[in-house]
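Reading through the structure tokens given below for one structure.
The values are calculated or read from the model by the stated rules, or taken from the named source; none is laboratory data. Since the model is a prediction, treat every value here as computed from it, not as a measurement. Positions of Cβ are generated from backbone atoms using ideal geometry, with glycine treated the same way; all protein chains shown enter the neighbour counts. Ligands, DNA and RNA are excluded from the accessible area calculation, which covers all protein heavy atoms including side chains. Shrake-Rupley method; radii C 1.70, N 1.55, O 1.52, S 1.80 Å.
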Protein chains: 2
Amino acid sequence: MAVTIINVAEKAGVSPSTVSRVISNDSRISQKTSRKVRKVMEELGYHPNLMAKSLVTRTTHNIGIVLPRPAEELFQNQFFSEIIRGIVTKAASSGYDILMTTSTNEIEEWKAVERLVQGRNVDGIILLASQREDPNISFLREKKFPFVLVGRSEDYSDITSVDNDNIAAAQAITRHLIELGHRRIGFVSGPFELTVSKDRLDGYSKALLDGGIPFRCDYVFEGAFTPDSAMQVTEQILKLEERPTAIIAIDDVVAFGIIRSLWNNGLRVPEDCSVVGFNNTSLAEMCLPQISSVDIGMYQMGQSTVQALIQRIKGDGFEQARIIIPHQLIWRRSVTSPDSEA
Amino acid sequence: MAVTIINVAEKAGVSPSTVSRVISNDSRISQKTSRKVRKVMEELGYHPNLMAKSLVTRTTHNIGIVLPRPAEELFQNQFFSEIIRGIVTKAASSGYDILMTTSTNEIEEWKAVERLVQGRNVDGIILLASQREDPNISFLREKKFPFVLVGRSEDYSDITSVDNDNIAAAQAITRHLIELGHRRIGFVSGPFELTVSKDRLDGYSKALLDGGIPFRCDYVFEGAFTPDSAMQVTEQILKLEERPTAIIAIDDVVAFGIIRSLWNNGLRVPEDCSVVGFNNTSLAEMCLPQISSVDIGMYQMGQSTVQALIQRIKGDGFEQARIIIPHQLIWRRSVTSPDSEA
DNA sequence: ATTATTTGTGCAAAGGTTTGCATAGATCTA
DNA sequence: TAGATCTATGCAAACCTTTGCACAAATAAT
């Protein structure tokens, strides 16, 4: 059988409560007793039973995270890897573990969260981006259970969410292109219903406005997050009477598809058309030409998410509603000033 | 306060044990009682406290997984995403959650495992690939604690490990190239000390042997898993008097770097040199030309790992020592028969 | 020397389940 | 009809900690 706090107590000639207090560094325990108990703990190879501890303290030091079911876009682009890495690392250094689950059956998707919460298996929950209305949000909210949204922002001031500022990033990119002299700037979006599409499109049009450039509907395209889709869209772009001199893509993968298609049609990048991506994945660095992109700090998003969640859990009143991870523009070969205007 | 089994028992007019038995579908409970209790559970919104349950059953339905610290190669190539996706999905459908942690401080790397195990926080452990001698292995072994190795095979028959058959895959690739008519086949490896390098190199040389082609040391190169490294290596290859007509890369990323460098030097792929990668990442599909590669079934590796671990946990005696996930060769544009020989 | 304060420990309850054993009532056997 | 067998349920111990409260001993204050 496993060695318990009682075994330690007996061997050390003290009561279990004393041992418990030694473990938690209770200031009331004398140096002498503490040393004695610690020695016995060492000898016996004692390790506290976390379940028993959790049961009485009503605290698990676990953070729950439920993977959305299809989660296709989530898992590509290193998005997931990086964010999880940030989450796990920060959690570990803060004394928390990550409890990851997913739902087996579509209908009961939100049951997973309920089980974790009601089963008292986690102290808080991280909800990864999901496009649909998420029943988990209202559930957690009503339960007043600590949780943080990541990669998606909600407008409720009582909910903490962590996100990068897609609007500002797109705006900065567009502004820079304008400064380079571009006047005809295209935008290849992902599905319009996604917040990420909306926001980046938003920043794009804001920058146009600031730069005194009229927004042209025929310069905005909807596509999927695949090279194929991007190539199809590019074919459409090439049919335009006035071709853009620069294209902003929702994504590095899309940027990649655009570049490929431009090449296929005999256009050089960036000489004939500049292209910018998003997310700064390894693809952006490996592509030829290397793609200018935006590093949205995914690792840091993970870290900040955990930090914010722990604050919620501890309830020290410092809860921010909306945490924005700063982005960083990475300019590479795929962008230059427009030839035609030069 | 949360509603407990006792509240349910009282309201239903039965004892807590009966409620417990209803929950676990004990056959001895009568239909009538069962229905009555379930109704009350519903009304009260009862959810079992998993901690209390774990405490008494000594079982958590959690599977632990410790992320290696630096884990650079692990996190790229979608390797991690895919394998985790497989793990979490399979675990969830088998009634397990994944408890993920990492060590904060290098020295205490293995303490993380010890904590999970000794703290009775998990029923089993998955150890992800790590190159060094892992103290966790001997610890878990000695403790007779259920665990499974993934992405790395050990030669102990009492340890279950899940891996793809790198030897067979490399062998199959090489054989195919030989069948296409290639006689001068290069191999760009990762660091030689990694098992994955050794195994793939092994398969390569076996196939050469089978094909009656002498193994040439000057056709084997050591590099890192980056495009830059691959490009440097390629420069060396191009200095060879007799250039290979085909090159096998340890990795899609490396294959990508090789292709890039060949292009820079005015060589066409595959006409002047065929190139094959490994892992079948999205890069292989997106690269120009698309890279032939090996799908090593990472998602399935995750699934099989969990399955094997659960068998170990349940101890139903079906433990296999070594589980091999079948690979699949994906032939794409980057390979053709050698021009020079044709 | 007596009382008040501080310091260090122990007692026992609580946290929510599961489960071996006992038992009451129902059904069957002869 | 008495005993045997079965069925459905309850009792109480066990799982391992934490923690409020009480208390004894040591120290300080008067």
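Observations on the structure shown:
- Highest mean packing first, where packing is the average number of other Cβ atoms within 10 Å per residue, the peptides A:20-28, B:83-91, B:16-24 line up as B:83-91, B:16-24, A:20-28.
- Neighbouring Cβ atoms from other chains, within 10 Å of the Cβ of residues in B:88-97, number 5 on average.
- Legend: residues in region A:244-268 shielded by at least 50 square angstrom of accessible surface upon adding the remaining protein chains to the isolated chain (1.4 Å probe, heavy atoms) are A:Arg260.
- Dipole-positive endmost among A:Ser34, A:Ser17, A:Ile6 within region A:5-48 (Cβ charges, Cα centre): A:Ser34
- Candidates B:Ala92, B:Ala12, B:Ala255: whichever shows maximal mean-square fluctuation once chain B is modelled as a Gaussian network with Cα springs under 10 Å: B:Ala12
- Close Lys-Lys pairs in chain A, where close means Cα under 29 Å and separation is 8 or more or interchain: 24
- Interface A:B - total buried accessible surface [probe 1.4 Å, Å², rounded to 100]: 4500
- Heavy atoms of the protein chains alone define the surface here; on that basis region A:197-342 has 44 Å² accessible area per residue at 1.4 Å probe size.
- Relative contact order %, region A:5-48, counting alpha carbon pairs below 8 Å whose residues are six or more apart: 44
- Rounded to 5, the percent of DSSP beta bridges in chain A classed as antiparallel: 10
- Unit charges on C-beta of K, R, D, E only; dipole of the protein assembly as shown, Debye: 3280
- Oblate is the label for region B:185-256, because a/c, from the alpha-carbon gyration tensor with a ≥ b ≥ c as root eigenvalues, is 1.5 or above and a/b does not exceed b/c.
- Of the residues B:Ser304, A:Ser94, B:Phe278, the one whose Cα sits farthest toward the positive end of the charge dipole of the protein assembly as shown, with +1 on the Cβ of Lys and Arg and -1 on the Cβ of Asp and Glu, is A:Ser94.
- Highest-fluctuation residue, A:Asp202, A:Asp123, A:Asp163 considered, GNM on chain A with Cα pairs under 10 Å: A:Asp202
- In Å², nearest 10: area of B:Cys217 left accessible to a 1.4 Å probe: 100
- Put a plus charge on the Cβ of each Lys and Arg, a minus charge on the Cβ of each Asp and Glu, and nothing anywhere else: the dipole of chain B about its Cα centre is then about 2020 debye.
- Prolate/oblate/rounded label for the protein assembly as shown (Cα gyration tensor, a/c 1.5): oblate
- Looking at region A:5-48, the accessible area is 66 square angstrom per residue; that uses a 1.4 Å probe and ignores ligands, DNA and RNA.
- Rounded to two decimals, the Cα radius of gyration of chain B over 2.2 N^0.38 Å is 1.30.
- Comparing B:Arg115, B:Arg38, B:Arg183 in a Gaussian network model of chain B (Cα springs below 10 Å), the most mobile by mean-square fluctuation is B:Arg38.
- In region B:282-302, comparing the full protein assembly with the chain on its own, the residues that lose 40 Å² or more of accessible surface at a 1.4 Å probe are B:Met286, B:Leu288.
- Taking the protein heavy atoms of the protein assembly as shown in the context of the full set of protein chains, the accessible area attributed to carbon and sulfur is 48 percent at 1.4 Å.
- Taking all protein chains together, A:Asp316, A:Asp165, B:Asp252 sort by accessible area into A:Asp316, A:Asp165, B:Asp252, largest first [probe 1.4 Å].
- Dipole magnitude for region B:183-260: about 260 debye, using +1 per Lys or Arg Cβ and -1 per Asp or Glu Cβ, origin at the Cα centre.
- B:Ile259 sits among other residues whose Cβ lies under 15 Å from its own Cβ, and their net charge, with Lys and Arg +1 and Asp and Glu -1, is -1.
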